[in-house]
Amino acid sequence: MNNFIQFLTYFRIIAGPIIFILIVISNFYGLAFILFVLASLSDYWDGYLARKYQLVSMMGEVLDPIADKILITFVIIALAISLESSFIAFIGSIILSREFWVAALRDFNARTGNISATKVSFMAKLKTASQLGTLGLYLFGLYLNSALIIVIADFSLLAAMLITIQTGLSYSIASFQR
């Protein structure tokens, strides 16, 4: 079971560049959407299975959020290129900046013995779900060639950015209160 859980995490890491290629080079939006949905579901399942079978590991706790960030980074960049959207590029840059900032906070807190300040919260899980849902919506819109779905995804991206900023601020405040 442990190997399967690790596979799910590595799957997200590998899926990111493959989805990028499917979107930017091949325009295979349907296949990119299916692969993205599977990768997004793997985020839930690896954590669920690790907790259920008591196989939570330090390596898994480190790799899981990195796998999410790799997947999200490749898809945001691919969408910005494919849709020629400075909006997606700008909002995506804000989202990715928060991810880098929180990674730095986690490193800082690990060095100062304050790891509880950046422990994954419910809002952080909601943040990841909103990001993955939004990116999936864009891919679905591209697959259906639906401008309406893409516009809805634009609003969803804005909401995901606000949740992302809020969690980054919460982690920052908790990190520097000591």
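The values are calculated or read from the model by the stated rules, or taken from the named source; none is laboratory data. Since the structure is predicted, the reported quantities are computational estimates derived from the model, not experimental observations. Cβ: placed from backbone, ideal geometry, glycine included. Neighbour counts: every protein chain shown. These area figures cover heavy atoms from the full protein model, side chains too; ligands, DNA and RNA do not enter into them. Shrake-Rupley method; radii C 1.70, N 1.55, O 1.52, S 1.80 Å.
Here are the numbers for the structure shown:
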item	result
Close pairs from the stretch 6-34: first over 19 Å from Ala153 (Cα atoms), partner polar (S, T, N, Q), Cβ under 6 Å, at least 6 apart	Leu8/Ser42; Phe11/Ser42; Arg12/Ser42
From the options Gly141, Gly168, Gly133, residue that is in contact with a Lys or Arg (Cβ under 7 Å, 6 or more places away or on another chain), small (Gly, Ala, Ser) and at pLDDT 95 or above	Gly168
Restricting the stretch 97-139 to residues that are among the charged types (D, E, K, R) and open to solvent by 40 Å² or more (accessible area, probe 1.4 Å), the residue that is nearest to Leu158 (Cα to Cα)	Lys125
Residues of the stretch 136-161 satisfying the condition of being part of a helix (DSSP H, G or I), over 17 Å from the mean Cα position of the chain (by Cα) and free of Cβ contacts under 8 Å to residues at least 40 places away in the same chain	Gly141, Leu144, Ala147, Leu148, Ile149, Val151, Ile152, Phe155
Selected residue (only one of Leu31, Leu35 is open to solvent by 30 Å² or more (accessible area, probe 1.4 Å) and either in contact with a strand residue (DSSP E or B) (Cβ under 7 Å, 6 or more places away or on another chain) or under 28 Å from Met1 (Cβ atoms) (or both))	Leu35
Residue that is farthest from the chain's Cα centre (by Cα), among those in the stretch 35-58 that are part of a helix (DSSP H, G or I) and free of Cβ contacts under 8 Å to residues at least 24 places away in the same chain	Lys52
Single unsatisfied condition, Lys119 versus (1) over 14 Å from Thr167 (Cβ atoms); (2) modelled with pLDDT under 95	(1)
Residues being over 22 Å from Val151 (Cβ atoms) and either open to solvent by less than 40 Å² (accessible area, probe 1.4 Å) or not small (Gly, Ala, Ser) (or both) - total across the stretch 50-96	24
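Here's the yes/no breakdown for (1) closer than 26 Å to Leu41 by Cβ; (2) in a helix (DSSP H, G or I):
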position: Ser97; (1), (2): no, yes
position: Arg106; (1), (2): yes, yes
position: Val120; (1), (2): yes, no
position: Ser170; (1), (2): no, yes
